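Inspection log for the structure reproduced underneath, given as structure tokens.
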Amino acid sequence: MEGRCLYVFTAVQIFVAGVMFYFLATPAYPWNVTRVIGTVLAVIGISFIGVARYQLGTSFSVKPEARKLVTTGLYSKIRNPIYVFGMVMITGLIVALQRPALLMLLVVVAIVQMIRAPREAQVLEAAFGDAYREYRRKTWF
């Protein structure tokens with residue numbers, strides 16, 4: 001994903017983050033421990049997604065592509081930090097909004113990520129070989 005398409009995708013993500021913050025801040029029910037914990041999780045999740053996207057730079061793509069093997073920052077410990085912190089964000093939303101029905105969203109996202117991650121790994125292993133295998137050995141998910 002390059003040029004204008006990357007900017008549009010990023011703009012959409014920023015818009016969605018804004019909508020998420022709106023829904024976290026405006027429910028009619030009072031703030032309680034559950035809502036605070038959920039909001040903190042959601043904010044941590046979206047924050048680290050932003051950090052991971054920044055650290056990926058131009059290596060970010062929607063479909064699996066191998067441009068550069070990013071092994072620094074969050075990627076030095078977690079191979080898929082956008083997936084991990086996406087799950088943290090969704091979990092936070094479920095807890096903060098106190099809507100157990102949203103668990104279906106969490107399940108769907110988890111399934112999609114469990115399908116995408118191995119496909120991405122295949123592309124990276126084909127492109128970077130032993131360097132990727134060594135990186136995978138040293139990192140989690």
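Give the dimensionless ratio obtained when the Cα radius of gyration of segment 69-141 is divided by 2.2 N^0.38 Å.
With N residues counted in segment 69-141, Rg over 2.2 N^0.38 Å equals 1.30.
Based on DSSP H runs of at least 4 residues, each adding -39500 (n - 2.57), what is the mean residue ellipticity at 222 nm of the chain after dividing by all its residues, to the nearest 500 deg cm²/dmol?
Dividing the helical sum by the residues of the chain leaves -24000 deg cm²/dmol.
More than 25 angstrom separation, counting every C-alpha pair in the chain; what % is that?
33
With each label point set 7 Å from Cα along the Cα-Cβ vector, what nm distance links Trp31 and Glu134?
Simple spin-label model gives 4.9 nm for this pair.
Kirkwood hydrodynamic radius, computed over distinct alpha-carbon pairs, for segment 1-77: how many Å, to one decimal?
Across segment 1-77, the inverse of the average 1/r is 14.5 Å.
List the pair-distance distribution P(r) of segment 5-46, using every Cα-Cα distance, as the percent of pairs falling in each 10 Å bin from 0 up to the bin containing the longest distance, rounded to whole percents.
Final binned percentages: 26, 44, 21, 8, 0.
Return the whole-Å distance between the Cα centroid of segment 74-96 and the Cα centroid of segment 56-70.
18
About the Cα centre of the chain, what is the dipole size in debye to 20, counting +1 per Lys and Arg Cβ and -1 per Asp and Glu Cβ, all else neutral?
In debye, rounded to 20, the chain gives about 120.
Taking 35 Å as R0, compute the FRET efficiency from the Cβ-Cβ separation of Phe21 and Arg67 and round it to 0.05.
0.65
Quote the relative contact order of the chain in percent (integer), defining contacts as alpha-carbon pairs under 8 Å separated by 6+ residues.
Across the chain, relative contact order equals 31 percent.
For Cα pairs less than 8 Å apart in space and 6+ apart in sequence, what is the mean separation divided by the residue count of segment 49-121, i.e. the relative contact order in percent?
Reported as a whole number, the value is 31 percent.
DSSP loop (so not H, G, I, E, B), at most 15 other Cβ within 10 Å: list which chymotrypsin sites (Phe, Trp or Tyr not before Pro) in segment 1-75 pass both filters.
Hits after loop and neighbour filter: Trp31.
Check Ile78: other-chain or 5+ apart residues with amide H under 5 Å from its amide H, H built from backbone geometry?
Trp140
For segment 9-101, with the dipole built from +1 on Lys and Arg beta-carbon atoms and -1 on Asp and Glu ones, taken about the Cα centre, which of Leu69, Val16, Phe85 lies farthest toward the positive end?
Leu69
No value in this document is a laboratory result; all are computed from the given coordinates. Just so it is clear, the model here is predicted, and its values are computed rather than measured. Ideal geometry is used to build each Cβ from the backbone, glycine not excepted, and the neighbour counts take in all protein chains shown.
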